[in-house]
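**Student:** Quick one: structure below, then a few questions.
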Amino acid sequence: MSFVVTPSAPAAVPVAGTAPGARFPVHRIYCVGRNYAEHAKEMGFTGREPPFFFLKPADALVLVAAGETATMPYPSLTSNLHHEIELVVAIGTGGKHIFGYAVGLDMTRRDLQGEMKKQGRPWCIGKAFDHSAPIGPITPADKLPKINDAAIHLDVNGTQRQHSNIGKLIWNIAETIEHLSAAWELQPGDLIYTGTPEGVAAVVAGDTLTGSVEGLQGISVKIV
């Protein structure tokens, strides 16, 4: 096979606790909207509404190595960049089973997202921009028997912004996969950003975000 332009390198996330250099090849990135009740309330919604989804491109990932601080450029066209800490589910063999989990950030150009909402237009410009999906190493699922009751939190410059528990997901991991699978055929390499708890807020250039999910390798990202 020959290409008329040079193809980009495929997106791939390091896997913790495996052979050096082992990578999880990324197919698609699905994200769940408003999947914690308190976050839904702070966004002006209440109740257990049916789950809904949006996508990010695989090359929106920012890989955050264990123990290191990655950088994310402050994006264009916005003056209201928000953080959203999330548990990420990695889909494995046959698109049926969970390969593992990671800590991720769904970075959002909130002003652009809000304008699209008002106009009844897609959110892509607010959610699916370059560098909008930082992610830490993936930990295999068999090493995390208590992920459904794990604490999740995010600090900005050492001050806590978000803190909750995976058990507070409106649609739990299994239910989310079930709903997603009704609309798309999940594939090996798919990532699911499962939603963010309350406490989302703006960040600016110079801020450092540190996030964790209990049992997983945390992430640290500096906005530049």
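Taken together, the values in this text are just the output of simple stated rules run on the coordinates, not laboratory data. Given the structure is predicted, the values throughout are model-derived calculations rather than measurements. Counting neighbours? That spans all protein chains shown, and the Cβs are built from the backbone with ideal geometry, glycine included.
**Student:** How far apart, in nm, are two points set 7 Å out from the Cα along the Cα-to-Cβ line at THR46 and at LYS146?
**Tutor:** It works out to 3.4 nm between the two label points.
**Student:** Which one, THR194, ALA182, GLY158, projects farthest toward the positive side of the charge dipole computed for the stretch 149-203 from Cβ point charges (K/R +1, D/E -1)?
**Tutor:** The Cα lying farthest towards the positive end belongs to GLY158.
**Student:** For n ≥ 4 DSSP H runs only, could you compute -39500 (n - 2.57) per run for the chain, divide by its residues and tell me the 222 nm figure to the nearest 500? It would help to have the intermediate numbers written out before the result.
**Tutor:** Working: 4 runs with 31 residues, N = 224.
Per the formula, -3500 deg cm²/dmol.
**Student:** Using r as the Cβ-Cβ distance of LYS118 and PHE3, and R0 as 35 Å, what FRET efficiency do you calculate, to the nearest 0.05? Could you put the intermediate results ahead of the total?
**Tutor:** On the way: r = 41 Å, r/R0 = 1.17.
For R0 = 35 Å, the calculated efficiency reads 0.30.
**Student:** Can you give the charge dipole size of the stretch 43-139 about its Cα centre, rounded to the nearest 20 debye, using +1 on the beta carbon of Lys and Arg and -1 on the beta carbon of Asp and Glu? Before the final figure, lay out the partial values.
**Tutor:** Working: 9 positive and 9 negative charges, 73 e Å.
Dipole of the stretch 43-139, to the nearest 20 debye: 360 debye.
**Student:** Report the FRET efficiency, 1/(1 + (r/R0)^6), for THR208 and ALA182, where r is their Cβ-Cβ distance and R0 is 41 Å, rounded to 0.05. List each step's numbers first, then the result.
**Tutor:** Values: r = 39 Å, r/R0 = 0.95.
Approximately 0.55, to the nearest 0.05.
**Student:** What dipole magnitude, in Debye to the nearest 20, does the chain give about its Cα centre under +1 on Lys/Arg Cβ and -1 on Asp/Glu Cβ? Don't jump to the answer; show the numbers that get you there.
**Tutor:** Values: 18 positive and 21 negative charges, 56 e Å.
The calculated dipole for the chain is roughly 260 debye.
**Student:** In addition: When a/c reaches 1.5 or more, the comparison of a/b and b/c decides; with that in mind, is the stretch 111-204 rounded, prolate or oblate per its Cα gyration tensor? Let's see the in-between values first.
**Tutor:** Values: a/c = 1.76, a/b = 1.14, b/c = 1.53.
Since a/c reaches 1.5 but b/c is at least a/b, the shape of the stretch 111-204 is classed as oblate.
**Student:** Note the listed values [x] 143; [y] 200; [z] 129, then indicate which one is volume of the Cα convex hull per residue in Å³ calculated from this particular structure.
**Tutor:** Here the calculated entry is [x].
**Student:** Would you tally the net charge around ASP111, using a Cβ to Cβ cut-off of less than 12 Å, leaving ASP111 out, and scoring K and R as +1, D and E as -1?
**Tutor:** Net charge around ASP111: +3.
**Student:** Straight-line reach from LYS168: which lysines fall under 22 Å, measuring Cα to Cα and dropping same-chain residues less than 8 apart?
**Tutor:** Leaving aside lysines fewer than 8 places away in the same chain, those within reach of LYS168 are LYS41, LYS143, LYS146.
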